[in-house]
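Undergrad: Supplied in structure tokens, the structure appears directly below.
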Amino acid sequence: MMREKLMQDALAAAGVATLNGNWVRLFVNNEPYGLYLMTDETFTGFTENLINGGVATNATGATYKGTSGHGAADFVYHGTNRSSYNFDETYVLVDEGRDKSVTKDNSSAPIFDFIERLNETALGIDAQNPGNITDLMDSANHTMIHTAMSLLSGSWDGFWLQGSNFYIHENSETKKWYLITYDFDDCLGNFFGELKKPWLMTIPYQNYTLPKAKRPLVDIFIKSPYYEPQFQDILKHIIKTFFNYRVMKARIDAWAEMLREDVIWDYALPRHSPGTAKHWGVKTFYNNMNTTVASRYGILEWIANRTESIAQQLDFQIEDISSVTLPSQ
């Protein structure tokens, strides 16, 4: 839950729409269950809280959840036959918004239109020929930041690598879309309890894709002569300003101290879940903030190595806090 909260706050610090969470002590019928991270969940018009300041608008269109349980939600175009797409289990309608034409029984039209339009999107070449991705995505900058954070966090079951754990939301008036990534428990060095993905810590972003996988919504930026330098500047800006060992250590140390009493309370409780016991305790919980424990990289260990690797690849100094101007789109 420390990883999840850290990523939520990091996305907010980067200036993009994100779910939020707060630590709570959970009680059920007055019986203590433990310390949890209570996170935003979907409800009718929930995206209005994320991208419209909580103001209801008739422009709030459909929101889909990308999942990878039955194939990646990769936005790859497979032709006009809609049976070629898994709209029930891969692109899941979670909210119709205020678009009356979208129902649970007629849910695929907007997301199919998105995939078709993405397939027809022209690659940006230069400032005079920037392509037309901003006709589809409300903000190129917003989309690239979410993409960059997926890379930085090593989110192996996330938007970029797995084609999963994201929302894609339509403004039904402008017909432009917003990407919102979420679910960051398996990131920052937490890989199902196994050190089986060390390459995620050092791999260049150009190769950050599974074998034979296609990621058209990523490639429209990182393979564009116009947008790729902007994507690199976003990585530099995020790393220099807050996603680095120095800044994150101060935050994690403060959280660790703030939560100490709650963590001790939590680990002293009997477990209610029938799942596999992890045999962690207060000491291992705190040690894993910094170093590898039980085959999980430490959070700060991950951040230090991942950011240093990118700094070497892009040839910049992390401690050089001179500003990097972000693109305005």
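Undergrad: Every residue in segment 97-134 that is in contact with a Gly (Cβ under 8 Å, 6 or more places away or on another chain) and either closer than 24 Å to Ala56 by Cα or among the β-branched types (Val, Ile, Thr) (or both), please.
TA: Within segment 97-134, Gly97, Arg98, Asp99, Val102, Pro110, Thr121, Ile125, Ile133 qualify.
Undergrad: Still on this structure, please answer the following. For segment 226-294, which helices (runs of 4 or more DSSP H) that fit wholly inside it have 2 or more residues that are among the β-branched types (Val, Ile, Thr) and within 25 Å of the chain's Cα centre (by Cα)?
TA: 228-241, 245-267
Undergrad: Considering each residue of segment 196-209, count those that are within 17 Å of the chain's Cα centre (by Cα) and either free of Cβ contacts under 8 Å to residues at least 12 places away in the same chain or part of a loop (DSSP other than H, G, I, E, B) (or both), and give that number.
TA: The qualifying residues number 2.
Undergrad: Cβ-Cβ below 6 Å, separation at least six or inter-chain, first residue in segment 173-184 and among the charged types (D, E, K, R), second assigned to a loop (DSSP other than H, G, I, E, B): which pairs?
TA: Between residues of segment 173-184 that are among the charged types (D, E, K, R) and residues that are assigned to a loop (DSSP other than H, G, I, E, B), the close pairs are Glu173/Ala59; Lys176/Asp138; Asp183/Asn165.
Undergrad: On the basis of being more than 23 Å from Gln312 (Cβ to Cβ), surrounded by fewer than 17 Cβ atoms within 10 Å (Cβ to Cβ) and of a type in the set (Lys, Arg), does Lys212 make the cut?
TA: Considered against the rule, which asks whether it is more than 23 Å from Gln312 (Cβ to Cβ), surrounded by fewer than 17 Cβ atoms within 10 Å (Cβ to Cβ) and of a type in the set (Lys, Arg), Lys212 comes out as yes.
Undergrad: Which residue pairs have Cβ atoms under 8 Å apart, sit 6 or more places apart or on different chains, and have a first residue in segment 135-154 that is over 26 Å from Met248 (Cβ atoms) and a second that is assigned to a loop (DSSP other than H, G, I, E, B) and among the polar types (S, T, N, Q)?
TA: Asp135/Thr121; Leu136/Thr121; Asp138/Thr174; Ala140/Gln329
Undergrad: Do we have Thr292 as at pLDDT below 95, under 22 Å from Tyr36 (Cβ atoms), surrounded by fewer than 16 Cβ atoms within 10 Å (Cβ to Cβ) and β-branched (Val, Ile, Thr) here?
TA: Taking the combined requirement at face value, the residue does not satisfy it.
Undergrad: Separate question: Can you tell me which residues in segment 58-84 are among the polar types (S, T, N, Q) and loosely packed, with under 15 Cβ neighbours inside 10 Å?
TA: Passing the criteria: Asn58, Thr80, Asn81, Ser83, Ser84.
Undergrad: Something else about it: What residue, among those in segment 13-32 that are surrounded by 14 or more Cβ atoms within 10 Å (Cβ to Cβ) and touching an Asp or Glu at 6+ places or on another chain (Cβ under 9 Å), is farthest from Lys65 (Cα to Cα)?
TA: Only one residue tops the list, namely Pro32.
Undergrad: Here's something else I'd like to know. Can you tell me which residues in segment 86-109 are within 22 Å of the chain's Cα centre (by Cα) and not in a loop (DSSP other than H, G, I, E, B)?
TA: Tyr91, Val92, Leu93, Val94, Asp95, listed by residue number.
Undergrad: Going by the structure shown, is Asn165 in contact (Cβ under 8 Å) with a residue 60 or more places away in the chain, surrounded by fewer than 21 Cβ atoms within 10 Å (Cβ to Cβ) and of a type outside the set (Val, Ile, Thr)?
TA: Criteria not met by Asn165.
Undergrad: In addition: State yes or no: is Ala10 within 30 Å of Asn106 (Cα to Cα) and among the small types (Gly, Ala, Ser)?
TA: Criteria not met by Ala10.
Undergrad: Suppose we filter Ala62, Ala56, Ala122 for residues that are small (Gly, Ala, Ser) and either part of a strand (DSSP E or B) or under 19 Å from the mean Cα position of the chain (by Cα) (or both); which single one remains?
TA: Ala62
Undergrad: Also, I was wondering about something else. Spot the failing condition for Arg3; the list is (1) in a strand (DSSP E or B); (2) touching a Cys at 6+ places or on another chain (Cβ under 8 Å), and only one is missed.
TA: Among (1) in a strand (DSSP E or B); (2) touching a Cys at 6+ places or on another chain (Cβ under 8 Å), the lone unmet condition for Arg3 is (1).
The values are calculated or read from the model by the stated rules, or taken from the named source; none is laboratory data. What you see is a predicted model, and the numbers here were worked out from it, not measured in a lab. Cβ atoms come from the backbone with ideal geometry, glycine included; neighbour counts cover every protein chain shown.
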